[in-house]
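Some notes on the structure that comes next.
No value in this document is a laboratory result; all are computed from the given coordinates. In this text the structure is predicted, and so the values were computed from the model without any measurement. All Cβ positions, even for glycine, are placed from backbone atoms using ideal geometry, and neighbour counts span all protein chains on display.
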Amino acid sequence: MAATARPRRSVLYMPGSNTRALEKARTLAADGLILDLEDAVAPDAKADARANVAAAVATGYGRREVLVRVNGLNTPWGHADLEAVAASGCDGILLPKVESADTVRQVEALMASMGAQPNTAIWCMMETPMGMLRAEEIAGASARLGGFVMGTSDLAKDLHCHHTPMRLPMITGLGLCLLAARAHGLAILDGVYLDLSDDEGFAAACQQGLELGFDGKTLIHPKTIATTNQVFAPGETEVAWSRQIIEAHAEAEKAGQGVVVVDGKLVENLHVVNARRLVALAEAIAALDADLQHAGAA
């Protein structure tokens, strides 16, 4: 499943054991949600969380992309989680701590046997050193793959590294996953920022994620949604320029020319491809915003 222009600027983790949070999520301006059955849920609440999430997904979250993070198949809850959500209608199933292509293929086979729709994607948490080293084989494991989600907290733990502002200890891992995702046409989301009191640091982390090439950032609190949406959205000037060069290049092609100069800048097809991506993303964001406003009015 190749990455699309679907907005993924802000993707908020929501604990599956908290029914109030699952309901509150319908009013939030996040582009996507990760309904969590794994880390955010205590062992004795796993069964209730599974039922909560299945019911929430059945009710729907409008245009938002909804992923469900299940427990690993090597845990007492993983198989039951997968069975409960495979055919639930969620957009994707997020697997924790993926370290091999075999894990993806195993889940793919189970999903097919459980009645999952063809458009239900598999997403992979990339959060261990082995996952980083095998990112390329994981990215190419299945046509069902939709994207990667970076688990930078677990990665830092395993690397014995520090959470620095520039994240230099993790840059190699981030880069490997970005390369693998883009080589296979997947979406990829940056990891969470843990210090909710550090607004300036959070904004800087979002900007770094954008510059590195991530589609958006995973979040742990609704207060961070607005900043993330602003940073990862194409700006009005950027979108206007994109439309301008798309039109200019189209006119040049009609005249048999492969390049064109727009406002003194040389424009080739590679610039137009990116311009079309940005315009499609801006239009998808506008449609999502309109859907949220309609839901709020209702």
For the chain: relative contact order, % (alpha-carbon pairs under 8 angstrom, 6 or more apart): 18 percent
Cα-based equivalent ellipsoid, segment 205-278: semi-axes from gyration tensor eigenvalues, Å: 33, 11, 9
Using distinct alpha-carbon pairs, which all enter the 1/r mean, Kirkwood radius of segment 236-297 in Å: 12.8 Å
Max mean-square fluctuation residue, GNM over the chain, Cα-Cα springs under 10 Å, options GLY89, GLY115, GLY191: GLY115
Charge sum, other residues only, whose C-beta stays under 12 Å from ASP154's C-beta, Lys/Arg counted +1 and Asp/Glu -1: -3
³J(HN,Hα) computed for each position of segment 242-253 - Karplus, 6.51 cos²θ - 1.76 cosθ + 1.60, integer Hz, glycine/proline x: 4, 5, 5, 6, 4, 5, 5, 5, 4, 5, 5, 5
Mean projection area, nm², convex hull over Cα of segment 102-161: 4.2 nm²
Cα centroid separation - segment 230-259 against segment 189-219, whole Å: 28 Å
Per residue Cα convex hull volume in Å³ - calculated over the chain: 151 Å³
Other-chain or far-sequence residues with amide H under 5 Å of GLY146's (modelled H): ILE122, TRP123
Estimated 222 nm signal from helices in the chain, with DSSP H stretches of n ≥ 4 weighted -39500 (n - 2.57), rounded to 500: -14500 deg cm²/dmol
9 Å beta-carbon shell around MET14, net charge (K/R +1, D/E -1): 0
